[in-house]
Amino acid sequence: MGLNCMGLLCLDRLPRARSREEWKYVAQVSFWLSTWYVCSLVNLLMVKTLLSEKGCTPVGIGLVQMSVTALFGAIKVLGPEARRIKLWKNARIKRKRSSYPIGDEESPRGRTEEERSDWPEGDQSDQQLDSSVGKLMRKPQFWNYMVLLGALRVSTVVLGLVSLSYVAASFTETIKASAPLATVLFAWLILGERTSLPVFLSLFPVMGGLILCASSEISFHVVGFLAALLNTFLDCIQNIFSKKMMESLVTPVQLQFFTSVAGSFFQLPVMLWQLKRSASLEATAEAKPAGWEVSAYVLICAVFFHMQSVSAYCTMALVSPVTQSVANTLKRTLMIFISILYFGNAVVASSVGGILMVISGVALYNYFRILDTPPRTAPRQEA
C-alpha cells in the first residue's frame, strides 16, 4: 500500500520529472511522507497502549510530548546559532590577544590569515548576532501567530489523547477522515476560498459514512466522539494558519519548535492542577508510582511524536494542500485497519461499511479538487 501511496502522490509529477531537480523533489516528498506515515502509526499504537494498559493520563502524555518536541526543536533551531555566537566571541578574544604584543602598539593586521578569512571586519561581525531567528522574533505578526498556533496545537494534542482514552483508535481515525469538510468550511471563513459544487457534493458521502460508523462502533462514547470531532476542526484551522506561516515567515523546523514552546506554556496550568489533584489522591490512598518501563515507553512515544510533527510540517511545505489531504486520507486508512488488527477490536459490518463510505467520499472529494486545481508550474522548494 505504501508504494501505491507514493505512486498516487507523485503521479502528476513523474511524467515531467526529467531533470535532476524534479527527481530530487520527488525523493524528498517520498522520504518525508514515508517518515510521516511510520511515525504516525507507531505514535498512535504506543499512545493507545499507554492510555488503556499503562494507566497514563492524556494530560501527562501530552506534556511530555510537547516538552520533548520543544527540546529537540531548540537543539535544531537555536543550537547552530549558539555555536556561531560562541565561535565569534572566541575569535574576538583571540584577536585582541594577538593584536597587542607586550611593549608594542596595536598591530596593523591584528589577526591570523585564517581569522581574517573567516571573520569579517567591524560592524559585519556584529551582524552575525542578528540571526534569522532574532529577526523573526522581533516581528509582531510572528507572536500573534505563535500564540494562536500554540493554543491550537496543545488543544489538538490533548483532545486527541482524550479521544483515544474513550474510544478505539480506528474510530478516532475515522472521525478525523472528515477533515476535508472542515477544511472547506474554515478555508472559506478564514481565507475566503470558494468550493465548486461537485467538490461540495462529494463531501456528503463523508458525512454519511461518519454517521454510519459512529452509530455502529462498539466503543462509541459521547466524550470520545466530541473530543475527536473538535480535534479535527481545530487541526484543520491549525493547518491553514501553519501553511500560511510557512509561505511567508518560518521554516517547518522553526514552526514546529515555536509552536511546541507556546503549547507547553498553555499546558502548564493544566499540569499544575493535575499535580495538585494527584497529591491529594496520594494523601488518601496509596498510589502506585510509574516504573522505569512506563517512563521509557512515554519518552519513546514522545520521540516518535516529535518525528511525526517534523515530517508532517516538512511534507506540508513541499506539497499542495490537495496532495496533503490525499496523503492524510491514505495515512488514516492505513492506520484504521492496522489499529483494528493490532488491538483486536471487534468491528461489525456496518462499521466496515461506514469506514469504506468515508474513504470513498474523501477520494471523490480529492478527485474533484484535483480537477478544479490548476497545475503548478514549479515544485515548491523548502526554505
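The values are calculated or read from the model by the stated rules, or taken from the named source; none is laboratory data. Because the structure is a prediction, the values reported are computed rather than measured. Note that each Cβ is placed from the backbone with ideal geometry, even for glycine, and that neighbours are counted across all protein chains shown.
Taking residues in region 214-234 that are surrounded by fewer than 19 Cβ atoms within 10 Å (Cβ to Cβ) and modelled with pLDDT under 85, and partners anywhere that are polar (S, T, N, Q) and in a loop (DSSP other than H, G, I, E, B), the pairs with Cβ atoms closer than 9 Å and at least 6 places apart or on different chains are I218/N345; S219/N345. The number of residues in region 187-198 being part of a helix (DSSP H, G or I) and either among the hydroxyl-bearing types (S, T, Y) or within 16 Å of Q324 (Cα to Cα) (or both) comes to 1. Whether a residue is among the acidic types (D, E), in contact (Cβ under 8 Å) with a residue 24 or more places away in the chain and out of contact with any strand residue (DSSP E or B) (no Cβ under 7 Å at 6 or more places or on another chain) was assessed, and E173 passes this test. Listed by first and then second residue, the pairs with beta-carbon distance under 7 Å, at least 6 apart or on different chains, first residue in region 132-152 and closer than 20 Å to K76 by Cα, second at pLDDT below 75 and of a type in the set (D, E), are V133/E81.
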